[in-house]
Amino acid sequence: LEGIAGVRSASLSAPTPLSGAGAAGFATAEGYQERPADRRYISVGWVAPKYFDTLEMPLLAGRDFSFQDQGGPSIAIINQAMGRYYFGSGNPIGKHVTLDGVTGDSHAKSYEIVGVVGDVNYYEIREAAKRTVYLPAFQNRNVIGGNFVLRTTIKPESLTGDVRRTV
């Protein structure tokens with residue numbers, strides 16, 4: 001898709017902003033003791049490399065996903081709201097977050113945090129951003145994501161034919 005004239009950046013995701021979360025579940029963060037009464041669902045999304053750049057979501061700390069992450073250790077990127085909630089003013093890079101069965105596993109799975117991105121709304125634009133964990137769409141053998149996202153330098157509707165042919 002990036003080879004199409006007029007496309008600056010392209011990526012893949014599940015979901016996209018304002019379309020809901022890809023999944024939701026509970027998280028436990030290294031070094032944070034959450035009271036049971038405060039426990040809330042967090043949003044989980046799967047994204048490919050360059051997703052944040054394509055949507056112009058600022059990378060605030062750490063790094064983006066890369067295709068070289070495939071088959072490597074389990075990693076995650078969190079949003080700023082999640083970083084503030086679990087780590088306060090501390091640096092979450094290198095810490096671990098455990099997701100309780102939201103990734104199709106019947107058991108909890110731990111992920112090393114490699115990045116923090118700015119907040120974006122997946123539900124309601126008038127509400128505060130929800131705590132969100134992003135997992136790499138290409139980490140394992142299965143590709144998770146069903147939405148292509150494009151950043152263009154021209155009117156997006158003029159690319160419809162080229163994008164359909166490419167897909």
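A few remarks follow.
- The label-point distance for Val167 and Leu1, in a model that sets each label 7 Å from Cα toward Cβ, rounds to 0.8 nm.
- Largest-first principal axis extents, alpha carbons of the stretch 39-126, Å: 34, 34, 27
- Modelled FRET efficiency - R0 25 Å, Lys109 with Glu56, Cβ distances, 0.05 increments: 0.25
- Looking at the stretch 1-102, the GluC sites (Glu not before Pro) that sit in a DSSP loop and have at most 10 other Cβ atoms within 10 Å of their own Cβ are Glu56.
- Estimated FRET transfer efficiency when R0 is 22 angstrom, pair Arg8-Arg84 (beta carbons, to 0.05): 0.10
- Taking 0.36 nm per residue of separation and subtracting the current Cα-Cα distance, fully stretching the chain between Tyr123 and Thr153 would add 8.1 nm.
- Fraction of antiparallel bridges per DSSP, the chain only, in percent to nearest 5: 70 percent
- Per residue accessible area in Å² of the chain, where ligands, DNA and RNA are left out and the probe is 1.4 Å: 54 Å²
- Length gained on full extension, Ala24 to Phe67: 13.0 nm, using 0.36 nm per residue less the C-alpha separation.
- Gyration tensor verdict on the stretch 3-74 (Cα atoms; rounded if a/c is under 1.5, prolate if a/b is larger than b/c, oblate otherwise): prolate
- Excluding same-chain neighbours fewer than eight residues apart, the lysines reachable from Lys95 by a Cα-Cα span under 24 Å are Lys50, Lys109, Lys130.
- Heavy-atom accessible surface of the stretch 1-72: percent carbon and sulfur, 1.4 Å: 53 percent
- Normalised Debye scattering of the chain at q = 0.15, 0.16, 0.20 Å⁻¹ gives log10 I(q)/I(0) of -0.82, -0.92, -1.37, counting only Cα atoms as equal scatterers and leaving out solvent.
- Here the relative contact order of the chain, from alpha carbon pairs under 8 Å that lie six or more residues apart, stands at 36 percent.
The values are calculated or read from the model by the stated rules, or taken from the named source; none is laboratory data. Source: prediction; values computed, not measured. With ideal geometry, Cβ positions are generated from the backbone for all residues, glycine too; neighbour counts draw on all protein chains shown. Note: accessible area is taken over every heavy atom of the protein model, side chains too, but ligands, DNA and RNA are not part of it. Shrake-Rupley method; radii C 1.70, N 1.55, O 1.52, S 1.80 Å.
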